[in-house]
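Visitor: Got a structure for you, written out below as structure tokens; questions coming shortly.
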Amino acid sequence: AGEVFGLLEVLMRRHAVRADVLAKGVLIIARLGPSFLQHEHRGVFTIIEAMGRHRSNVELQRVGARALLSLAREERALHRCKAGGSVGATVLAMVGHSQDEQVLRDAGRVLEKLCPRGLAKVIAICGDMGLTLPPVSWQEYTQGTAWEPVLLDSEWSAQLLKNFREDVVVGARRRGMSSMSGGTDSYGEADPRGQNDAEVMSGAKLAVAKGYRSVGLREELDAADNYWATSFLEQSRSPARERDFMALEMVGCDTTLLRPPGPTNDQLQRLCESLSEGLAHQLGAQDGELIATLLGHFSWCSVGAARKIVSYGGASALADWLRAPRFRGRSPEEQELAYPMQRACLGALSSICQQDQELANHVMGLGVAQLALDFSSHVDQRMQRATMRLLTRLIPINRDRPPDERVPQEEAWSTVLRLLRDTDEISRTCAAAAAVEMVEDRWLVESEDVGQIEELSSNLLSALGAAVDTGCASAGLPLLLTIGNMLVESDRDYRIAKTLLSHPGQKDQPSNQSQSLVQLLAFWLSKGIATGALAADKAAGIAAATALQSLSGFEAPLPFRELRELLVCGQSTRAEPALREACKNALLISVREENQPQQLAYLLATSVGKGPGGEDRLAETKILKSIAERIVTLLRAGQGQATDPLVSALERVEHLLPKNGAGKSKHAAGNSGRGVAANAVSGSRWKQENRLLDEECKVVLELLVEAKNFRGSALPGSIVEEEEEEEDALDDVMMPLSSSPLLASSMQFEHERMGQSQTVPLAKSSPPSLIHQ
């Protein structure tokens, strides 16, 4: 049995992305029998990890619940199931699929064996769990994927259709927040965030620390899943429905059944009382784990539920269970049973803090900061994740608390630095999220330990290289945010930028971990414009472009490959406005510092996609003008650099520039389907925009003509030979790229990159002639 399990574990780890493979592996482990667990303690952990990796897959949750039920038949196997965290995994399977009868039935039978007293209390309070657990939806947050084919329509402007899609399609909401800005929820509590703050999931929202703090860091429910969990507890609310409900209640109707399932105020109060009284009544660790997991899930679903739980003493009860002496200092077997309960309490407190700063202040007043750090060096990785999530939610309010309640900086630093080197991707993500808040709270600027800053820079680059290897945007996003904030803080303290730039890569590490900072950042640009890009992918692209923009202030000009990547990705029709602006700013900073006109000419002639008629499309005229001006400036300063390849590139640009009156179609002005007055205004705007475009194109053409006039000027022989060698080296690089997807349409570029991203790293070292010192 041990040899079979060893082979199964390797197979399940190698094919972790396949839910069907994991389900078959879980079934085989269950058939090895309960006696197998007496000798192999990793069996339960492997099942629970598989369930967490695909929490959105209902079939795997059914198989996992049946496997745990089969293994919990004998006493010693029952102990292994309890110590492995089976109660929490079973409850999360129930809350993730509360409408599936088989999951509820099998999970209920598992809980009967693991925590019978706690389950009896929960059933006495809540009754049918299917009517109490809020429905959870599993989404990828793919924004407007169905619109992608429409963007290829030859009659309409791609940018117009993209803007219309973003205006009409409602952004995905996270957590189940109220759709009414500043409105109230089912518990009569005002939602302070509203629609204009954190509830709309988009790349631009996630690409800033404030948005990532609200919705970016995922809880244990969906932390390892490809899909993001969303609660319907408040998402289905609308002002019109609430007015109807109030009218029905005034005439004596019960509107409870018209709302999504969820706990009532009375149920929340009784659950908090049961948890608080459970310590005195000698409830077991697994009984406390069950109630704590439920309270944490209800807090995750709604800010109103979180406030009610705090007002009923639920947060204080969770802290008391963490401090309870009877779960510490006992035999190793008894302590092992308490670990899952302590992890559930930390997760519940983290979910409460995530909803509101006022709630986070209340939790911090309970002295849980130091309490959480006591568990930060725990041997269980899941305990370390829960600790880092809680600390991440407490650091933003750290300065507002008395010194004895604040997060100890030295201990927090050492924990974050250690977990950034961890082999577990979720642990690194949680540590990176804490690092975002540390840098945002100016811990780096106030630090006097240069070695600490250097270690953080080295560990961040190592973790970013590991994220590039896996291509996981959720893991890379907090690292990109941290690096971007560090570069911004470098304006006040150059030590920070110096430590980042002095670590070009981990040369002793394999694969992408040996790449430079510029190459690691540029990898994420194409993620933000890929077909069907998720909100996390778009946010990673925006954060990378923003970091490159800040980095350009220290290392301009960037290498040619990264400049071309900025141009193509920033000018894609799929790029969000924030990505477009960040790429443009970073590009122009490097263009102003570039000293090789031939590279600028190749950049100028780069195709960024297809136009309405299927022709190659250049970048916007403002960018073309800036590049052309720099080329002319360089040629004026050193005549004779207008080589044949440079002139050929300029002639290609002349051919592709929009002709007079062909800049935009009337469809691009958006006048179709409007009234006469609206059409008149739209037509006037269309004429004005075309006139401005014609003037800009005219300026670009004049600059190109002036640049070509430098052709044939003589230089000293040695300089000519050096230029010819540089041209040959550049031609060797550009010749294979002439047929590359990066120089074809943006759709072809993105399609091929999506297919090659797992095998061919994006950023490679530039040839010697392209490296800028």
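Visitor: Could you give the length gained by full extension between LEU279 and GLU59, i.e. 0.36 nm per residue of separation minus their alpha carbon distance, to one decimal place?
Guide: Details: separation 220, 0.36 × 220 = 79.20 nm, distance 3.64 nm.
Between LEU279 and GLU59, full extension yields 75.6 nm more.
Visitor: Would you mind checking the pairs LYS205/LYS625; LYS610/LYS698; LYS24/LYS527 and listing those with alpha carbons more than 29 angstrom apart?
Guide: Working: LYS205/LYS625 31 Å; LYS610/LYS698 22 Å; LYS24/LYS527 32 Å.
In this structure, LYS205/LYS625; LYS24/LYS527 lie more than 29 Å apart at Cα.
Visitor: Once you keep just the Cα pairs under 8 angstrom separated by 6 or more residues, what percentage relative contact order results for the range 505-624? Working shown, then result.
Guide: Working: 157 pairs, mean separation 25.2, N = 120.
Dividing the mean separation by the residue count of the range 505-624 yields 21 percent.
Visitor: Another one. Counting only heavy atoms of the protein chains, get the accessible area per residue of the range 209-296 (1.4 Å probe) and round it to a whole Å² value. Write out the running numbers ahead of the final one.
Guide: Values: 3760 Å² over 88 residues.
Accessible surface, normalised per residue, equals 43 Å².
Visitor: By how many nm would the segment from ASP20 to ARG105 lengthen if fully extended, with 0.36 nm per residue of separation less the alpha-carbon distance? Walk me through the intermediate numbers first.
Guide: Details: separation 85, 0.36 × 85 = 30.60 nm, distance 2.17 nm.
That pair, ASP20 and ARG105, stretches by 28.4 nm at full extension.
Visitor: Expressed as a whole percentage, what fraction of the accessible surface of the range 563-626 belongs to carbon and sulfur atoms when a 1.4 Å probe is rolled over the protein heavy atoms?
Guide: Working: 920 of 1870 Å².
For the range 563-626, the apolar C and S fraction of the accessible surface comes to 49 percent.
Visitor: Still on this structure: Starting from the Cα of GLU702, step 7 Å along the direction of its Cβ; do the same at ARG31; then give the gap between the two resulting points in nm.
Guide: It works out to 8.1 nm between the two label points.
Visitor: Sticking with this structure for a sec: Just want to confirm a number: the relative contact order over the range 1-144, from Cα pairs under 8 angstrom separated by 6+ residues, in percent. Working shown, then result.
Guide: On the way: 154 pairs, mean separation 30.6, N = 144.
After rounding, I find 21 percent.
Visitor: Got a sec? What order do SER474, SER607 fall in by accessible area at 1.4 Å, biggest, i.e. largest, first? Display every interim value, and only then the final one.
Guide: Working: SER474 35, SER607 0 Å².
My answer, sorted largest first, is SER474, SER607.
Visitor: Another question, if that's okay. Distance in nm between label sites at ASP320 and VAL10, each 7 Å beyond Cα in the beta-carbon direction?
Guide: A separation of 5.1 nm, rounded to one decimal place.
Visitor: What is the range 1-56's relative contact order, in percent, from Cα pairs under 8 angstrom and six or more apart in sequence?
Guide: Numbers: 25 pairs, mean separation 23.0, N = 56.
Computed value for the range 1-56: 41 percent relative contact order.
Visitor: First measure r as the distance between the Cβ atoms of THR256 and ASN709, then evaluate 1/(1 + (r/R0)^6) with R0 = 56 Å and state the FRET efficiency to the nearest 0.05. List each step's numbers first, then the result.
Guide: Numbers: r = 81 Å, r/R0 = 1.44.
The value I calculate is 0.10.
Visitor: Now for a separate question. Could you order the peptides 260-271, 42-53, 10-21 from most to least packed, using the average number of other C-beta atoms within 10 Å per residue?
Guide: Working: 260-271: 19.2, 42-53: 22.5, 10-21: 14.2.
Highest-to-lowest ranking by the protection proxy: 42-53, 260-271, 10-21.
Visitor: Still on this structure: For the range 1-149, what does the alpha-carbon gyration tensor say about shape, rounded, prolate or oblate, given a ≥ b ≥ c as the root eigenvalues, a/c under 1.5 as rounded, and a/b over b/c as prolate?
Guide: Details: a/c = 2.77, a/b = 1.13, b/c = 2.46.
Cα axes put the range 1-149 in the oblate bin.
Visitor: Next question, about the same structure. Extension gain ALA204-GLU3, at 0.36 nm per residue separation less the Cα-Cα distance, in nm? Walk me through the numbers before you get to the answer.
Guide: Details: separation 201, 0.36 × 201 = 72.36 nm, distance 4.91 nm.
Working it through step by step, the gained length comes to 67.4 nm.
Visitor: What span do the alpha-carbon atoms of the range 272-369 cover on each of the three principal axes, reported in whole Å from largest to smallest?
Guide: Rounded to whole Å, the extents work out to 39, 24, 19 Å.
Visitor: Let me ask something else about it. Once you place label points 7 Å from the Cα toward the Cβ at ARG418 and GLN370, how far apart are they in nm?
Guide: The two pseudo-label positions are separated by 1.9 nm.
The values are calculated or read from the model by the stated rules, or taken from the named source; none is laboratory data. What you see is a predicted model; the values in this text were computed from it and never measured. Here Cβ is always computed from backbone atoms with ideal geometry, including for glycine, and neighbour counts include all displayed protein chains. For accessibility, only protein heavy atoms count, side chains too; no ligands or nucleic acids. Shrake-Rupley method; radii C 1.70, N 1.55, O 1.52, S 1.80 Å.
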